[in-house]
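The values are calculated or read from the model by the stated rules, or taken from the named source; none is laboratory data. As the structure is a computational prediction, the values presented were derived from the model and not from experiment. A quick note on method: Cβ atoms are made from the backbone with ideal geometry, for glycine too, and the neighbour counts reach across all protein chains shown.
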Amino acid sequence: MKQYALIIDHESCWGCKTCEVACKQENRAADGIRLISVLEEGPGMIDGEMDFMFRVNICLHCDDPPCVDACPEEAILKRKDGIVVMDYKKCSGCEACIEACPYDAIALDEDKGVAQKCNLCHHRVDKGLIPACADNVCLAHCIYFGDPKEIAQSL
């Protein structure tokens, strides 16, 4: 089965946050919940000049995701294609997955009482589309989706 990954070239990101907007529109995440977030680091000095760096934080769909093992409700599973998905109907809101995630990529929707994370827009991927954040919205063209080996060869 084909494997999927979302790979971000952080050095090319200029912090426009269109990926955040596209994700919010596609997934209708609650206020305060960002399934993808662009964080500004800086200012810092690069080659003697002040510069800013942007880091995009998102679920990395780990090879061995600690959130899967931490979830007592079995609401999180890793699909055969590498996408780690959460079944919000099964989630009890216990926050065990939030504590287990080393990337701070899971948040609690307090209104609904469930944890939320990037599901890599699997509803789109299953239809042959790509995730909303990677669907030609990134002005810096630094978000890549597809087979991780193929992406690595093209970078």
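Some points to look at:
- As for the stretch 97-105, it holds at least one residue that is closer than 18 Å to Cys23 by Cβ, crowded, with 16+ Cβ neighbours inside 10 Å, at pLDDT 95 or above and not basic (Lys, Arg).
- If you check Asp111, Asp104, Asp81 for being more than 20 Å from Lys24 (Cα to Cα), of a type in the set (Asp, Glu) and assigned to a loop (DSSP other than H, G, I, E, B), only one passes: Asp81.
- Qualifying residue in the stretch 49-69 (condition: of a type in the set (D, E, K, R), over 15 Å from the mean Cα position of the chain (by Cα) and crowded, with 17+ Cβ neighbours inside 10 Å): no
- Hits in the stretch 70-114 - residues which are under 19 Å from the mean Cα position of the chain (by Cα), of a type in the set (Gly, Ala, Ser) and over 28 Å from Gly146 (Cα atoms): Ala96
- Checklist (1) in contact with a helix residue (DSSP H, G or I) (Cβ under 7 Å, 6 or more places away or on another chain); (2) in a strand (DSSP E or B) applied to Phe54, failing item: (1)
- Some residue of the stretch 135-153 being part of a loop (DSSP other than H, G, I, E, B), out of contact with any strand residue (DSSP E or B) (no Cβ under 8 Å at 6 or more places or on another chain), of a type in the set (Asp, Glu) and exposed (fewer than 14 other Cβ atoms within 10 Å of the Cβ): no
- Residues in the stretch 11-57 that are polar (S, T, N, Q) and under 20 Å from Arg124 (Cβ atoms): Thr18, Gln25, Asn27, Ser37.
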